1. Where is the GNM fluctuation largest for the chain (alpha-carbon springs, 10 angstrom cutoff): L81, L105, L17?
2. Taking a point 7 angstrom from the Cα of E29 along the C-beta vector, which residues in region 59-97 have backbone N less than 15 Å away?
3. With charges set only on the Cβ (+1 for Lys and Arg, -1 for Asp and Glu), what does the dipole of region 126-178 come to about its Cα centre, in debye to the nearest 20?
4. Please give the net charge around E31, taking every other residue with its beta carbon less than 11 angstrom from that of E31, where Lys and Arg add +1 and Asp and Glu add -1.
5. For region 85-174, state which chymotrypsin sites (Phe, Trp or Tyr not before Pro) are in a DSSP loop and have at most 16 other beta carbons lying within 10 Å of their beta carbon.
6. Helix-only mean residue ellipticity at 222 nm, the chain, DSSP H runs n ≥ 4 weighted -39,500 (n - 2.57), per residue, nearest 500. What is it?
7. Which of A180, A203, A234 ends up with the largest GNM mean-square fluctuation for the chain, with Cα atoms connected below 10 Å?
8. Return a whole-number percent for the relative contact order of region 3-246, with Cα pairs under 8 Å and 6 or more residues apart as the contact set.
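Laboratory data are not the source of any read-out in this text; all were calculated from the coordinates shown. If you're wondering where the values come from, they're calculated on a predicted model, not measured in any experiment. Don't worry about glycine lacking a Cβ; one is built from the backbone with ideal geometry, like all the others, and counts go over all protein chains shown.
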Amino acid sequence: MSELLKVSNVTKRFGGLVAVDNVSFSIREGETVGFIGPNGAGKSTVVNLLSGYLKVDAGEIEMDGTRITKMKPYERTRLGLSRTYQIPRPFPELTALMSVITSVLCGKRRINQSFEDAAVEATQYLEFVGLFSKRNILARDLTFYELRMLELARALATTPRLLLIDEVMAGLNPAEAKRAVDMVVRAKEQFGPTIFWIEHVMAIIVDAAERIIAINYGQMIADGTPDEVINNEAVIEAYLGKGWREYA
Ligand SMILES: Nc1ncnc2c1ncn2[C@@H]1O[C@H](COP(=O)(O)OP(=O)(O)OP(=O)(O)O)[C@@H](O)[C@H]1O
Ligand SMILES: [Mg+2]
């Protein structure tokens, strides 16, 4: 597998707080990589730096050999990098269908696509996430679960090579959370993106990921197979807690 994303010595500060501290890792094409750590560890900040929502203070990010450190979010999207947000960020006044059409038209290789073709394609992504019947509903009138699925449809509609998932389960009831996780797994099967996936439920991430990266206070503390990481002393100390398996 070739290297799709390379993160080298990336640092992000918020005032005096070093939220991401000299972090380096790589993601190979086709992998599903879990990203774990306690609340406030810096996980979402890393995703925000990868997507271009935030700027790094130091370090470099490369996507498939291209330096993207200074690129705007939409430029990264065209290179095949897409993400979902921990808290959905819809366009409240757009319908579900228009929201996804917007993503189709912003995605890579879509510059000259007609609106009609984009609408057909967007409809397919809405069908995939189970929102076809909601296509003409304004985003502001969707339920939280439906907004999560709309986020996923919008991300997939840009045809990502690398999909960054920031907690697809957060805020959902157990039945919805299971459906959301299944949807991400199915999205990988159907559309094939490499996935970088933040989730707090260890059983889910251990099952879905081939590799897990763990951070604590902005610093990487582990990078290995799920088995290696859940048995890593630093990870148990910082995040899992002794005896965590009894509750997992
Ligand atoms: N825009 C911001 N301005 C100031 N501080 C921030 C900002 N975003 C994040 N932080 C701080 O940076 C640290 C890392 O936050 P981050 O959201 O990346 O954590 P996280 O690992 O995603 O946590 P959670 O599991 O709770 O989502 C926290 O201390 C947080 O309060
Ligand atoms: Mg977060």
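1. Taking springs between Cα atoms under 10 Å, the residue moving most is L17.
2. Residues 63-66, 79-81 fall inside that zone.
3. In debye, rounded to 20, region 126-178 gives about 140.
4. 0
5. Passing both the DSSP loop test and the Cβ count: no residue.
6. Computed ellipticity for the chain at 222 nm equals -10000 deg cm²/dmol.
7. It is A203.
8. 25
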